[in-house]
Amino acid sequence: MKPSEYLRQYMKQRGITQMQIAEKLGVGQTNVSQWYTGKRPIPPERALEMEYHFGIDAEKLDPRVAEYKRLVLAIATKEAA
């Protein structure tokens, strides 16, 4: 399933609007619309924000998220040491 299809399905099942996502993420509704239609890819940081705010699986929105999470964890671990 394409990320945009997953996003549309998730939003429909939970009654989430594009405007709600835009407001929570601090982006324009046009950005969300482009993600929704598949015209633009969802940036990994935005996918993670959607996961945090709405419970959506960020890795299904952008496969790069797994690597992004790994890098963030490595940086945080290094800084804590």
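Each label was represented as a point 7 Å from its Cα along the Cα-to-Cβ direction; for LYS39 and LYS24 these points are 2.3 nm apart.
Scoring 72-80, 3-11 by mean Cβ neighbours within 10 Å over their residues and listing the highest first yields 3-11, 72-80. Against the chain, whose longest principal axis comes from its Cα atoms, helix 3-14 is set at around 70 degrees. Placing unit charges on the Cβ atoms only, positive for Lys and Arg and negative for Asp and Glu, gives the chain a dipole magnitude near 240 debye about its Cα centre.
Which of these values of log10 I(q)/I(0) by the Debye sum over Cα atoms at q = 0.15, 0.18, 0.21 Å⁻¹ was calculated from the structure shown: [x] -0.52, -0.70, -0.90; [y] -0.84, -0.92, -1.00; [z] -0.60, -0.78, -0.95? Here the calculated entry is [x].
Readers should treat all values here as calculations from the given coordinates under stated rules, not as data from a laboratory. Fair warning: this is a prediction, and the values are worked out from it, not measured in the lab. Methodologically, a virtual Cβ is constructed for each residue, glycine included, from the backbone with ideal geometry; neighbour enumeration extends over all protein chains shown.
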